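Working notes for the structure below.
Just so it is clear, none of the values below were taken in a lab; they were calculated from the coordinates. Remember, it's a predicted structure, so these values are computed and weren't measured experimentally. Cβ placement follows ideal geometry from the backbone for every residue including glycine, while neighbour counts extend to all protein chains displayed.
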Amino acid sequence: MSVSITFLGGLGEIGRNSAAIEIEGRIALIDCGLMFPEEDMLGVDLVFPDWSWLVERSDDVECVILTHGHEDHTGALAYFLRDVNVPVLGTRLTIELARARIDELGVEGDLRHVPVKKWVDQGPFRFQLIPVSHSVPDASAVALETPEGVIVHSGDFKLDPTPIDGVPTDLPAFATLGRRGVRLLMADSTNAERPGFEPSESSVGQPISDAIRDASGRVIAACFASHIHRIQQIAGAGIANGRKIAFFGRSMHRNTTIATDLKSLDIPQKSVVDIKDMDELPPEQQLLITTGSQGEPFAALSLMSQGQHKFVEVGEGDTVLISAKPIPGNERAVSKVISNLTRRGAKVVHGTNAPVHVSGHANRDELLTFLNLLRPQAFVPVHGEYRHLHAHAELARSMGVRHVDVLEDGDRVILNGKKTQVLRRAVPAGFVYLDGSSVGDVQSAVLRDRSHLADEGVVVVTVGIDHDTGEVVYGPDMDSHGLMDDPSAVLDKAADAVKEAIVEHASGRSDIGELQKTIRQAAGRVIRAETARRPVIVPVVMEL
Ligand SMILES: [Zn+2]
């Protein structure tokens, strides 16, 4: 009897993590995440995995198991449950963060808390959630007992020996599984290229405290709203330095309320004030904790940096603490925010000029330690761009794991007795887009497009494709506005790259969405290399 795992997302990009494990014809989905759009995805708000094949088999789907509460692991859940409504299982905070999100979207779901370190039976699935340390509390790995042996999915993790809540990655539990024998391991590859050990979350406490102590006026601190332990450390440092706390941003309010109810966050009520009342306090008693650490254009911090915020005008004497690093793709936006805040006279302390941020993902030596504890027969690196997956695979090979495969979205691994087989492109795995017109804040999407167009210009790529063969029969025809004075040489080069990419693309995949993505990437890469600009690229594909 074989067991298979099919990867819907997260293998080849950072985001939309999701994997389907099938036993005896029944399917459990591990995570159901979303991806935030890349800069070149015009008008797109969110990117999902393609679960159309699971909709066709919806009677076979048993449950969703969540590893932790991050959006790239739970953010597509509401949309999935609309299509396939099955029970969702996870730890307490994970489930409550997910519940708040699906409630907001008006979706009914059967969400259940599962205790950690206890075997749970759900249909043919027997699994256990094992605590791991990560940048959100209550994160877990999943171990499954299957007819083909034990399978372990690490979730997102690091080996933090001194986490804020005193719940480190449960190495003894993993060692026990390792001794029993692990048939297949899937593990987080995000930091597989980074040497050594990532410093502990508690290591940022002192630098954050120093920055707040040294501030003469108001302090505005930004971090991820789900990073409850970071919020705890910032708030604690503020209170110790005689400040009151005001929270800012919808997700910041939502998550701190949930975490406080579940006792993951402990901030005395008397130390918290409403943002509207903050102005009554002298600046040296104010600490604002806000969203916007990623330079999101309409988050509070961005508005403050442009002098457009309703309540807060940033200026001389203010200290802004950005306790985060930009995720790939956001570097420029964050850099702009830092420059604008500095121009307004604020002192900006951020992950690059002070040790006020650490990653929630394991570095190389941690990954090697983890591999050594589990000693799996087969290994599939997950959660990363291709380069990260490749680096993680090399680590596993270097320590003698027998069967190592770098898989991508849509691929399947099949465990069948002694054999470990790989089926490439077992299911469709293109990006599924949700644009502003179907849900969410249309206004902000339109504004974002406009500002992007104004900054960088637009390139329209028109291609005619033979309906049957997928060959290019017209174009690529390139038309640009606002890019540069004489763009013809650059556009010629880009056209060649687009044509080449389409030819490569044609072997195998056929959906238009994927093809548009290929065109955007190919054209974008050349234009970026030649001009250092990132225009909006609009691919127009005609099937002829
Ligand atoms: Zn995560």
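Highest average first, the peptides 201-210, 474-483, 314-323 ordered by how many other beta carbon atoms sit within 10 Å of their residues are 314-323, 201-210, 474-483.
Looking at PRO355, HIS383, LEU368, which one has the Cα that reaches farthest to the positive end of the dipole of region 337-385 (charges on Cβ: Lys, Arg +1; Asp, Glu -1)? In region 337-385, that residue is PRO355. Placing +1 on the Cβ of every Lys and Arg and -1 on the Cβ of every Asp and Glu, with no other charges, gives region 202-350 a dipole of roughly 300 debye about its Cα centre.
Neighbour counts of C-beta atoms inside 10 Å place VAL536, VAL107 in the sequence VAL107, VAL536, starting with the fewest.
The GluC sites (Glu not before Pro) of region 88-163 that meet both conditions, a loop assignment by DSSP and at most 13 other Cβ atoms within 10 Å of the site Cβ, are GLU108.
Ranked by the mean number of other Cβ atoms within 10 Å per residue, highest first, peptides 293-300, 523-530 order as 293-300, 523-530. Shape verdict for the chain, please, from the Cα gyration tensor: rounded (a/c under 1.5), prolate (a/b greater than b/c) or oblate. Note, shape of the chain comes out oblate. Exposure proxy for SER133, SER335: other Cβ atoms within 10 Å of each Cβ, ordered fewest to most, give SER335, SER133. Note on ARG343 and LYS419: with the Förster distance fixed at 56 Å, the Cβ-Cβ geometry gives a FRET efficiency of about 0.35. Just want the answer: with Cβ charges of +1 for Lys and Arg and -1 for Asp and Glu, which residue in VAL88, PHE125, LEU105 is farthest toward the dipole's positive end in region 73-125? Ranked along the dipole, the leading option is PHE125. Here the chain is treated with +1 on each Lys and Arg Cβ and -1 on each Asp and Glu Cβ, and its dipole about the Cα centre works out to around 1740 debye.
Tell me which DSSP H helices of the chain clear both cut-offs, 24 Å or more of axial length from alpha-carbon atoms and a mean Kyte-Doolittle hydropathy of at least 0.0.
Working: long enough: 488-506 (27 Å, 0.31); 512-531 (28 Å, -0.34).
Counting only whole DSSP H runs, the qualifying helices are 488-506.
Taking 0.36 nm per residue of sequence separation and removing the Cα-Cα distance, the ARG82/ARG180 pair yields an extension gain of 31.4 nm.
Positive-end ranking of GLY329, HIS227, PHE36 along the dipole of the chain, with charges on Cβ about the Cα centre, is headed by HIS227.
Can you compute the charge dipole magnitude of region 457-543 about its Cα centre, using +1 on each Lys and Arg Cβ and -1 on each Asp and Glu Cβ, nothing else charged? Give it in debye, rounded to the nearest 20. Before the final figure, lay out the partial values.
Working: 9 positive and 15 negative charges, 106 e Å.
The calculated dipole for region 457-543 is roughly 500 debye.
Among the listed pairs LYS276/LYS325; LYS244/LYS347; LYS493/LYS517; LYS117/LYS158; LYS158/LYS263, which have their C-alpha atoms separated by more than 26 angstrom in this model? The pairs that break the limit, which is 26 Å between Cα atoms, are LYS276/LYS325.
Of all DSSP beta bridges confined to the chain, the antiparallel ones make up roughly 50%.
Looking at the square roots a ≥ b ≥ c of the eigenvalues of the Cα gyration tensor of region 202-350, which shape do they give, rounded for a/c under 1.5, prolate if a/b is larger than b/c, or oblate? Since a/c stays below 1.5, the shape of region 202-350 is classed as rounded. Normalising the average separation of contacting C-alpha pairs (under 8 angstrom, six or more residues apart) by the number of residues puts the relative contact order of the chain at 16 percent. Label point of LYS336 set 7 angstrom out along Cα-Cβ; within region 288-306, amide nitrogens under 17 Å from it belong to 292-306.
Report the local net charge at ALA215: Lys and Arg +1, Asp and Glu -1, summed over other residues whose C-beta lies under 15 Å from its C-beta. Combined, the nearby Lys, Arg, Asp and Glu give 0.
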